[in-house]
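The values are calculated or read from the model by the stated rules, or taken from the named source; none is laboratory data. No experiment lies behind these values; they were computed from the predicted model shown. Counting neighbours? That spans all protein chains shown, and the Cβs are built from the backbone with ideal geometry, glycine included.
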Amino acid sequence: MLKNCRARTKPEIRMVKLKDHLKFVDKYYSTLSVDERSRADRFTIKNVRERFIVSRALLRTLIAKKIGIKTNAIVFAYGPHGKPQLDAVMTGISLKEPFHFNVSHSKSMVLFCFGLLPVGADIEFVRKLNNPDRIAQRIISKRKLKIFRSLPLKMRHEVLLQIWTRKESIVKALGCGLTIPVKNFEVWTGSKADPLSFARRVEIPDERFGDLIIESLALKLPKTYVGAVSFICGNKQKDNP
Ligand SMILES: CC(C)(COP(=O)(O)OP(=O)(O)OC[C@H]1O[C@@H](n2cnc3c(N)ncnc32)[C@H](O)[C@@H]1OP(=O)(O)O)[C@@H](O)C(=O)NCCC(=O)NCCS
């Protein structure tokens, strides 16, 4: 399967600016399912509500185009930790090949990814983090923590956000929420001399997943955002006998 990790299985990535769609919020609202509308109605903060409506309506539109059905025919199912997926049976379609997607939103950007393999996305607005060292202790492996602490403070914010988005996109590809300790796998290969270096391929040492191999892609985003998309591309035991 690893050989297939290239061109055809590389996820397709779409980025959308919310502000280009806000004027259609009412129209988009009417394209959502009953459940989605009631979820939207539960949001008390206006821009969070609008962001959910726009991103869900666009997700429906993009999927509908890809698989050739009407947006309102789409039925989503949710994994044990809330990861949405297409419910082909309830949607009434028979897919020739697997279809995976994931969504992430931050501030005014929405990131979508679609692929043949389980995929996860994360985008974060670049900001000064409160107590980066404490966050680092929670998400970086012991081995790398020392190197992280040797970096200038300003650089630590950037490195940490990059690590965060890569790890979060991996967690989202797996769909397992935080049941996987993110400290148990490392995405950061940086050093003091080269702090922004990251592994493209990451092994997940977890019995539940049978040593999965994940590929992580950094994204080219506007300067004020960082983000990553990851996808499950193989299994160490199966692919490296
Ligand atoms: C959903 C979750 C996985 C990410 O949430 P987030 O970063 O706040 O939000 P994002 O915008 O990146 O992603 C939200 C989208 O992910 C999708 N999603 C929800 N649950 C998911 C799950 N378990 N797995 C994958 N995707 C999920 C949904 O499409 C959701 O969008 P929607 O609410 O419009 O339907 C969150 O529940 C979570 O557990 N985060 C962990 C936070 C953390 O401590 N991470 C450490 C990383 S180092």
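At a glance:
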read-out: Some residue of the stretch 208-231 being under 22 Å from PRO80 (Cα atoms), small (Gly, Ala, Ser) and part of a strand (DSSP E or B); value: yes
read-out: Hits in the stretch 49-89 - residues which are within 23 Å of GLY177 (Cα to Cα), assigned to a helix (DSSP H, G or I) and among the hydroxyl-bearing types (Ser, Thr, Tyr); value: SER55
read-out: Meets criteria (assigned to a loop (DSSP other than H, G, I, E, B) and without any contact (Cβ under 8 Å) to a residue 12 or more places away in the chain) for SER94; value: yes
read-out: Residue tally, condition assigned to a loop (DSSP other than H, G, I, E, B) and over 25 Å from LEU111 (Cα atoms), over the stretch 190-207; value: 8
read-out: Output for the stretch 138-148, where each listed residue is part of a helix (DSSP H, G or I) and surrounded by 13 or more Cβ atoms within 10 Å (Cβ to Cβ); value: ILE139, LYS144, LEU145, ILE147, PHE148
read-out: Lone unmet requirement of (1) assigned to a helix (DSSP H, G or I); (2) within 18 Å of the chain's Cα centre (by Cα); (3) more than 9 Å from the ligand (Cβ to nearest atom) for GLU168; value: (3)
read-out: Extreme residue, surrounded by the fewest Cβ atoms within 10 Å (Cβ to Cβ), among residues of the stretch 97-126 that are under 19 Å from the mean Cα position of the chain (by Cα) and assigned to a loop (DSSP other than H, G, I, E, B); value: PRO98
read-out: Condition broken by ILE13, with the remaining ones in (1) outside any helix (DSSP H, G or I); (2) under 30 Å from ARG127 (Cα atoms); (3) within 11 Å of the ligand (Cβ to nearest atom) satisfied; value: (3)
read-out: Count - residues of the stretch 181-236 that are among the acidic types (Asp, Glu), surrounded by 13 or more Cβ atoms within 10 Å (Cβ to Cβ) and more than 12 Å from ILE170 (Cβ to Cβ); value: 1
read-out: Residue check, ILE135 assigned to a helix (DSSP H, G or I), near the ligand (Cβ under 9 Å from one of its atoms) and under 16 Å from the mean Cα position of the chain (by Cα); value: no
read-out: Among residues of the stretch 16-51, those that are in contact (Cβ under 8 Å) with a residue 40 or more places away in the chain and either among the aliphatic types (A, V, I, L, M) or surrounded by 14 or more Cβ atoms within 10 Å (Cβ to Cβ) (or both), counted; value: 5
read-out: Any chance THR61 is within 16 Å of the ligand (Cβ to nearest atom), surrounded by fewer than 16 Cβ atoms within 10 Å (Cβ to Cβ) and more than 23 Å from THR165 (Cβ to Cβ); value: yes
read-out: Which listed residue, of ILE123, ILE163, is at pLDDT 90 or above and either acidic (Asp, Glu) or in contact with a Gly (Cβ under 7 Å, 6 or more places away or on another chain) (or both); value: ILE123
read-out: Residue within the stretch 48-69 that is among the aromatic types (Phe, Trp, Tyr) and over 18 Å from the mean Cα position of the chain (by Cα) present; value: no
